[in-house]
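A.B. asks: Before we start, here is the structure in question, set down as structure tokens.
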Amino acid sequence: MRPIRSLLTAFVTAAAAAGLVTVGGGAAQAAAPMPAHVYAPYFEAWTGDSPAALAQQSGNKYLTMAFIQAATKGSCTPYWNGDSSMPISAASFGSDITTIKAGGGDVIASFGGYTADNTGTEIADSCTDVSRIAAAYESVISTYDITRIDLDTEDNSLTNSAGIDRRNKAVKQVQDWAAANGRTVQFSYTLPTTTHGLAASGLAVLKNAVSNGARIDVANLMTFDYYDNAAHNMANDTQTAAQGLHDQLAALYPSKTDAQLWGMIGVTEMPGIDDFGAAETFTTDNATAVYNWAVNKGINTLSIWALQRDNGSCPGQGASDSCSGINQSTWQFSHTFEPFTSGTTTPPPPTNDFSVSLSPASATVAAGSSATSSVHTAVTAGSAQSVGLAVSGAPAGVTASVSPGSVSAGGNATLSVSTTSSAVSGTYTLRVTGTAGSTSHAATYTLTVTGGATACTAAQWNKSAVYVGGNTVSYGGHTWKAKWWTTGETPGTTGEWGVWQDLGAC
């Protein structure tokens, strides 16, 4: 889901693993828990940067340090960045973490990440001994005297059921260890998401945690890299993704209140242009919208990937680890999100807001057939307001409409989709958007057309291009072949004996 990034972890001495030594020296003390609402951007630990220096320069009190992993597949020993020269000890970031703590902040240590999850070096994928996985977590907690471990789980780690089970069993062991030793310990899962909540693989990770009795304090969504070829307002997509997660958590934790569920949610944005490209660009205006929404909902964690990207030194460039790709001032996203940590534990009165969802959210139809879906709206904050509904994204040969075109939030409508026999076979994404004032939310509908026309593969005819005998073009849903040199002659207008030969519909 994200650019290849390195990681954090290391085994350390037996004394540290037993919780007897901290980076400051002396006996370990119970560290203060993380704030109930915290902005903690990811810090790329493999860059050689000083986390304390960048925290001071950017104004951040809290950082999520990424990543910790094994050096080789099959190992149970964690290192920062999987680098055996960077063990979990005071020699690796110890003085930086002490400085951050002295300034009233703290760090979250993140295990995993794309590289580890893709190479089998994520600690629970690599190590088959649950107790040694737990000891790795405990060594980081006690060595740096921290209270939260982040488990960045993506790519192959989402399908490694044995690793998922070992990881959650180890989390439970650590929680029991912490309780016995008077420590506060939290665990967060950082997971990829769709625009409407976790995919089945991510949800399975949390379900397994519940079955193992492991308490997950924060479910943190990576609200970027959707790779769905859809139009995106990244702020709106953050909100619909989190609403979907909220509803999933409600089913997993039925005894929790609405406020407690929102208090389990985190979101991590990727400032500027993400790995997919410019279609998924998180703007500075998006950041303001997400901040206001996060305060209103009372979520637990705001973050960005990553602190080193929070600058505008490479306009137009995507997927960089060192800049956002958009015009912005240095640390602009951090300065927008930093107030979330302080003064926002009690959200202000909610403004009116709503959500949009579809049931079902997909259909497969034969060309010439039709399908319907129920459009559901709900009040998510404040009171009900009038929501206008529209649908976009229908390809040629497909018509789509929503009726009625306006409902009061909490009401329902019907999405009607019909196809003609000439519709091209394929899978398409339709987008149903609800708008109330300046606020809009959307839900996507996946339509698969079968038995229709075959998509044209030849390049579209160009009036100014020069073609020679044997060249093929697409025009008007047909493929055409030039019999000789031609330019400016429209296919289908030159007659049977003309330059363009009709090769049939495509």
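Just so it is clear, none of the values below were taken in a lab; they were calculated from the coordinates. These numbers were taken from a predicted model, which means no experiment stands behind them. Positions of Cβ are backbone-derived with ideal geometry, glycine not excepted, and every protein chain shown enters the neighbour counts.
A.B. asks: Going by average Cβ density within 10 Å per residue, which order do the peptides 135-143, 357-365 take, highest to lowest?
C.D. replies: Details: 135-143: 27.0, 357-365: 15.4.
Ranking the peptides 135-143, 357-365 by packing returns 135-143, 357-365.
A.B. asks: From the cross-link list LYS73/LYS207; LYS463/LYS483; LYS169/LYS297; LYS101/LYS207; LYS61/LYS256; LYS61/LYS297, which pairs have alpha carbons spaced over 28 Å apart?
C.D. replies: Details: LYS73/LYS207 26 Å; LYS463/LYS483 16 Å; LYS169/LYS297 31 Å; LYS101/LYS207 34 Å; LYS61/LYS256 30 Å; LYS61/LYS297 22 Å.
Result: LYS169/LYS297; LYS101/LYS207; LYS61/LYS256 exceed 28 Å.
A.B. asks: Return the Rg/Rh value of the chain, two decimal places, where both radii are evaluated on C-alpha atoms and Rh is the Kirkwood radius. Numbers along the way, then the final one.
C.D. replies: Values: Rg = 26.3 Å, Rh = 24.9 Å.
Using only Cα positions, Rg/Rh for the chain is 1.06.
A.B. asks: Just going by the charge dipole of the chain, with Lys and Arg at +1 and Asp and Glu at -1 on Cβ, which of GLY488, PHE67, VAL402 is farthest out on the positive end?
C.D. replies: Of the options given, the answer is VAL402.
A.B. asks: Let me ask another. Provide the net charge surrounding ALA381, with neighbours chosen by a C-beta distance below 13 Å and charges set as Lys +1, Arg +1, Asp -1, Glu -1. Walk me through the intermediate numbers first.
C.D. replies: Numbers: positive: LYS297; negative: ASP258, ASP353.
Once positives and negatives cancel, what remains is -1.
A.B. asks: With +1 on each Lys and Arg Cβ and -1 on each Asp and Glu Cβ, how big is the dipole of the chain about its Cα centre, in debye rounded to the nearest 20? It would help to have the intermediate numbers written out before the result.
C.D. replies: Working: 21 positive and 35 negative charges, 112 e Å.
Using Cβ point charges on Lys, Arg, Asp and Glu, the chain gives about 540 debye.
A.B. asks: Rounded to the nearest 20 debye, what is the charge dipole size of the range 243-286 about its Cα centre when +1 sits on each Lys and Arg Cβ and -1 on each Asp and Glu Cβ? Before the final figure, lay out the partial values.
C.D. replies: Numbers: 1 positive and 7 negative charges, 60 e Å.
In debye, rounded to 20, the range 243-286 gives about 280.
A.B. asks: In deg cm²/dmol and to the nearest 500, what is the mean residue ellipticity at 222 nm of the chain if only DSSP H runs of at least 4 residues count, each as -39500 (n - 2.57), divided by the residue total? Spell out each step's value before the answer.
C.D. replies: Numbers: 12 runs with 122 residues, N = 506.
Helix contribution divided over all residues of the chain: -7000 deg cm²/dmol.
A.B. asks: When only Cα pairs under 8 Å and 6 or more residues apart are kept, what is the percent relative contact order across the chain?
C.D. replies: Numbers: 1262 pairs, mean separation 54.4, N = 506.
Computed over the chain, the figure is 11 percent.
A.B. asks: Name the residue from ALA231, GLY434, SER95 whose Cα lies farthest towards the positive end of the charge dipole of the chain, charges +1 on Cβ of Lys and Arg and -1 on Cβ of Asp and Glu.
C.D. replies: About the Cα centre, the residue reaching furthest to the positive side is GLY434.
A.B. asks: Taking only Cα atoms, what is the 0 to 90° angle, nearest 10, from helix 234-252's long axis to the longest principal axis of the chain?
C.D. replies: 60
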